[in-house]
1. Share of segment 84-142's accessible area from carbon and sulfur, percent, 1.4 Å?
2. Give me, ordered by chain and number, the residues 5 or more places off S428 or on other chains with an amide H under 5 Å from its own placed amide H.
3. From the backbone phi of segment 379-393, what are the Karplus-calculated ³J(HN,Hα) couplings (6.51 cos²θ - 1.76 cosθ + 1.60, θ = phi - 60°) in whole Hz, Gly and Pro given as x?
4. Pulled fully out, how much extra length does the chain show between R76 and D329, if you take 0.36 nm times their separation in residues and subtract their Cα-Cα distance?
5. Given the Cα-Cα distance of V106 and L66 and 0.36 nm per residue of separation, how much length would full extension add, in nm?
6. Once the Cβ-Cβ distance between R210 and V385 is put in as r, and R0 is 45 Å, what FRET efficiency do you end up with, to the nearest 0.05?
7. Which net charge results when you count Lys and Arg as +1 and Asp and Glu as -1 among the other residues whose beta-carbon is under 13 Å from that of V122?
8. Please find the FRET efficiency linking V392 to A239, where r is the Cβ-Cβ separation and R0 is fixed at 22 Å, and quote it to the nearest 0.05.
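The values are calculated or read from the model by the stated rules, or taken from the named source; none is laboratory data. All values derive from a computational prediction rather than experimental measurement. Here the Cβ positions follow ideal geometry from the backbone for every residue, glycine too, while neighbour counts run over all protein chains shown. Surface areas here come from the heavy atoms of the whole protein model, side chains and all, with no ligands, DNA or RNA. Shrake-Rupley method; radii C 1.70, N 1.55, O 1.52, S 1.80 Å.
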Amino acid sequence: MTLTLTAAPAVPTAREKAPQSGWRRRLTLLPLIATVLLVAVPADGSGAGTLFGVPAADLLSGAAVLVCAGRLLYLRRRPLTAAAAVVLGLPAVGLALATVTAADPVAALPGFVRYLQIFVLVPAAVLLLVRDAQGFRAVAGALVLLGVVEGATGVHQYVTGSGASYMGEDIRAVGTFGPGDVMGMATVVGYGLIAAAAYALRTPAGTPRRLRPWAPVTAALLVVPLTLSFSRGAWIATAAGALAVIALTGLQQAVRALAVLGAAGVVLVGGFGVGSEMISQRLTSITEVTSAPDRSVNDRYTMWAAAAGMWREEPATGVGLKGFPAHRDGHASIGLSSGSDTAGAGQEFRKQPLLSPHNMYLLVLSEQGLIGFVALVGSWAALLVGGVRRLVLARARVAAAVDCGLAAVGLMTWQTVDFLYADIGGPSTVLTGIVLGLAAWWALAGPERTSAA
């Protein structure tokens, strides 16, 4: 028996029969859009940008979940289809099992809440609050806007020498995230670039002529801060996401897009010399990680081995959520350093402890075991496969929301590839839930919603 990724028909209630004005339908998107934009609020160690220690973006994501719950209670309708409930709800089973079987379930409880927020509640809220393609574009547009703001901040840091420390110089573009979260700016810029590229390749019908050039221009400009982030994982993930978007638009558009990207890369890096020497060294290091790895790569390999050791010790349920730091030293070799050096961007030199393997798949396997791994990664695979399948069908039918499908598949591809080099953590983590929700909307929502222009 197979699950069909379509929405179940819902019998309209008396409240649903009353027509809703456009502004009231858009009002429910405000918590989602605010969640995206408030990620840019700096959250330093002094507590600025937080409330009771919780970042503003995470608070707004909770508000989005509450708005969604209130709307469902008001409309008195079944919230999710069977397929959507399985795909989005299955991770909760693995999370609960890893929590109750942990050596210290109380210590694992914050991890359970965090994982439930990012991988279950926020994606479900996005799926239910985004009512049509215009709503999808509004949330994706907020991702682009956030990427532009953070990217501009990062370029300014590189030009003025006020960024994070990299190879002895304060030039690494980190945006408002600081040197303690060097992946934050690269993540949001990658999201914005993929979304902008999707709209550039398949511009929505009805877009005013004067606005059409902005999507390709924005995508091209975001290449600069992404490059100056010096984040190899973000480069690889963005390249994979962009290639997925380009390949799914059709052969002719793919050839033109690749030609434009190649020309932009030559002009931005070769012509203007944007960090060309350091970028060349960083690119070369990607192919030298097995022959002559630097210390950061060596530490990563050591933590990967430690995560695999934890899984072999507890193959079914893992060592428990938030258990990796406590079990790290017992499974890591003596070659693991005490932490990574961070400085610059307004922060004094400090050692940042290595509390995760920097690989989401190995983190899930070590802390949740094979049961949690199958549940969580299986959910992501279902979203990606279902999204590609619907996109192929939408292209064949010349559906109006193909641009949304391209953005959803591109963002999901970016996320699954990035998880090979990173895991959740930091202010930008809440955006993972938003991206999964957009992918779920495209893969799981009914055609009456995804085909609406």
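1. Answer for segment 84-142: carbon and sulfur cover 78 percent of the accessible area.
2. Distant-sequence amide H within range of S428: zero hits.
3. With the stated coefficients, segment 379-393 comes to 5, 5, 4, 5, 5, 5, 5, x, x, 5, 4, 5, 5, 4, 5 Hz.
4. Working: separation 253, 0.36 × 253 = 91.08 nm, distance 5.11 nm.
Extending this stretch completely gives an extra 86.0 nm.
5. Full-extension gain reported as 11.9 nm.
6. Once the sixth-power term is evaluated, E becomes 0.75.
7. The answer is 0.
8. 0.50
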